[in-house]
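J.: Sending over a structure as structure tokens; questions will come in a sec.
What follows is calculated from the coordinates using simple rules that are stated; it is not laboratory data. All of these numbers come straight from a predicted model, not from anything done at the bench. Note that we place each Cβ from the backbone using ideal geometry, even for glycine, and neighbour counts take in every protein chain shown.
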Ligand SMILES: NC(=O)c1ccc[n+]([C@@H]2O[C@H](COP(=O)([O-])OP(=O)(O)OC[C@H]3O[C@@H](n4cnc5c(N)ncnc54)[C@H](OP(=O)(O)O)[C@@H]3O)[C@@H](O)[C@H]2O)c1
């Protein structure tokens, strides 16, 4: 099961490693870690971190208690839900520029996923076009994933056509 | 009756359109108490000057027949400097690198306390603040509705009709040529090059289309909007610009199958100014076709207001010039 977890780290070095250890001990798979730099540190000068993990649901309680033992607060745990749907068009040499890697750019975030891709390749040597549907856990995350996609697209000389904001 | 002595500098499509609407709307102008007397007209070859008022019909006929309005050598700048009048109607060609003769004409007009109404984007997209300061210093009126969106009202709409609103963002289609090409590519499932050729044949695109299709024209208009509406001080070089030349018919079809069209959209809000092809939902008010322009203005009090209209054309653009003139001098 994919789970999103808001945890609070003490503001000292090595804390993130402390938090990650139990996840791998319990054979969980860390998908993403997001530091909310922009959010103010909370009152007790703890650092909020959002992580997304793949883990056997039965081990979730064990994980929570192990984290607590290490002095790491667990603020919120929930099944990851993709509520925001988005779309972009890509134009260029999409396939020859490692299409899997392009898709992975979004999937690796943990908070967004390419859920559909339609590719149109008129002729060899001609530029192809693709329509990507992207699901994300929220609007901000959707925009972030599209920004990441744009960075990769720039390196690969692909044009990203984004939706207008409605 | 108030008599306004005016010069027209630049007598191409827009300048001639201004002469035509001044003729056509004589009665209307009389009714609002205005007598617009054109005392000089110039093009690149020279000018006609008549301090008693030029006969606009014969000036138009002479331009048509001879290719120039000139009866003497005096340049538009010399007229502004030496002939007494109130208003300079500046409709010379856009020069986006230096501001061209238009910039010199406007600065000289302000220098001698004249008002300026213009359709010329170049000077405003390059030297907005300098021009505003010069017009303020001399107490001159300075209006430029025609520079953005032709007949589609936008600058005066925001400044006058929507006065009091905070404008949060403006986004829209500011170039009719790009809109035409993208619309036709989608209709015909045809490549960019083919529809560019069609629009050149129809006179919608220039022989050198880069100014339109690379998004520069849209960027200039966006800069004028950003500076006049948001009080920013951008130059067109600050705009993040992507044109339409890479758009494929396949991408348009894929978009269409998913309920979208692709349009070249200019967008400005507090921290962002860019022109790029974007996916627009088919049912969005921004999804207008053909050569139309459209803009959605997001405001704090009025919500979102969307206007659409003809972004170019001789008479259409002249109508925006006329409305600026009337709004300056009508009591
Ligand atoms: N056309 C539109 O729909 C439209 C819409 C919005 C804004 N605008 C803007 O309005 C302006 C005029 O557009 P337009 O379509 O009328 O262009 P145009 O047909 O090319 O006319 C330009 C005019 O400027 C004259 N000119 C050039 N250099 C000059 C100089 N040194 N001194 C005096 N006159 C000079 C030209 O003279 P000659 O006749 O001797 O060549 C011509 O009469 C441009 O800045 C354009 O960007 C146009």
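J.: At a threshold of 8 angstrom on Cα-Cα distance, excluding pairs fewer than six apart, so keeping six or more, what relative contact order does region A:1-123 reach in percent?
T.: 33
J.: So, one more: Quick check: pseudo-label points 7 Å beyond the Cα along Cα→Cβ at residue A:76 and residue B:44, how many nm apart are they?
T.: 6.3
J.: Quick one: if you stick a label point 7 Å off each Cα along the C-beta vector at residue B:257 and residue B:301, how many nm between them?
T.: In this crude spin-label approximation the distance works out to 4.8 nm.
J.: Then there is this: Would you calculate, for chain A, the mean residue ellipticity at 222 nm contributed by helices, counting each DSSP H stretch of 4 or more residues as -39,500 (n - 2.57) and dividing by all residues, to the nearest 500? It would help to have the intermediate numbers written out before the result.
T.: Working: 4 runs with 47 residues, N = 166.
The helix contribution divided over chain A gives -8500 deg cm²/dmol.
J.: Another one. Below 8 Å between Cα atoms, with a sequence gap of 6+, how large is the relative contact order for region B:269-331 in percent?
T.: This gives 18 percent for region B:269-331.
J.: Please order B:265, B:101, A:47 by the number of other Cβ within 10 Å, starting at the fewest.
T.: A:47, B:101, B:265
J.: Between residue B:51 and residue B:161, what FRET efficiency follows from the Cβ-Cβ distance if R0 is 35 Å, with the result rounded to 0.05?
T.: So, using R0 = 35 Å, E works out to roughly 0.40.
J.: Over region A:84-161, what is the relative contact order in percent, taking alpha-carbon pairs closer than 8 angstrom and at least six residues apart?
T.: Numbers: 132 pairs, mean separation 35.0, N = 78.
Answer for region A:84-161 is 45 percent.
J.: Moving on. What angle do you read, to the nearest 10 degrees and between 0 and 90, between the alpha-carbon axis of helix B:100-111 and the longest principal axis of chain B?
T.: 50
J.: Output the 0 to 90 degree angle, nearest 10, between the alpha-carbon long axis of helix B:176-188 and the longest principal axis computed from the alpha carbons of chain B.
T.: It is inclined by approximately 30 degrees.
J.: Ok, one more. Given springs between every Cα pair under 10 Å in a Gaussian network model of chain B, which of B:258, B:293, B:129 has the largest fluctuation?
T.: Highest fluctuation among the options: B:258.
J.: In what sequence do A:155, B:267, B:130 fall when counting other Cβ within 10 Å, fewest first?
T.: Arranged by neighbour count, lowest to highest, A:155, B:267, B:130 become A:155, B:130, B:267.
J.: Please label the shape of region B:18-119 as rounded, prolate or oblate, based on the square roots a ≥ b ≥ c of the eigenvalues of the alpha-carbon gyration tensor (a/c under 1.5 means rounded; beyond that, a/b larger than b/c means prolate, else oblate).
T.: oblate
J.: A follow-up question, please. Return the percentage of antiparallel bridges among DSSP beta bridges fully within chain B, rounded to the nearest 5 %. Could you put the intermediate results ahead of the total?
T.: Numbers: 32 of 52 bridges.
For chain B, the DSSP antiparallel bridge percentage is about 60.
J.: Related question: Pick out which of B:314, B:135, B:57 has the largest mean-square fluctuation in a Gaussian network model of chain B, springs linking Cα atoms closer than 10 Å.
T.: Taking springs between Cα atoms under 10 Å, the residue moving most is B:57.
J.: While we're here: With just the Cα atoms defining each centre, how far is region B:77-117 from region B:135-209? Give it in Å.
T.: Value for the Cα centre distance between the two parts: 23 Å.
J.: Would you mind computing, in nm to one decimal, how far apart the modelled labels at residue B:271 and residue A:139 are, each placed 7 Å from Cα along Cα→Cβ?
T.: Simple spin-label model gives 1.6 nm for this pair.
J.: Taking the beta-carbon count within 10 Å as an exposure proxy, list B:195, A:121, B:152 from fewest neighbours to most.
T.: A:121, B:195, B:152
J.: Grab the beta carbon distance between residue B:331 and residue B:130, set R0 = 22 Å, and tell me the FRET efficiency rounded to 0.05.
T.: 0.10
J.: Would you kindly state how much longer the chain becomes between residue B:292 and residue B:112 on full extension, computed as 0.36 nm times their sequence separation minus their alpha carbon distance, in nm to one decimal?
T.: On the way: separation 180, 0.36 × 180 = 64.80 nm, distance 3.79 nm.
Working it through step by step, the gained length comes to 61.0 nm.
J.: If I take R0 = 60 Å and measure r between the Cβ atoms of residue B:283 and residue B:61 in this structure, what FRET efficiency does the formula 1/(1 + (r/R0)^6) give, to the nearest 0.05? Intermediate results must be reported in sequence, preceding the final value.
T.: On the way: r = 48 Å, r/R0 = 0.80.
Given R0 = 60 Å and the Cβ-Cβ separation, E is 0.80.
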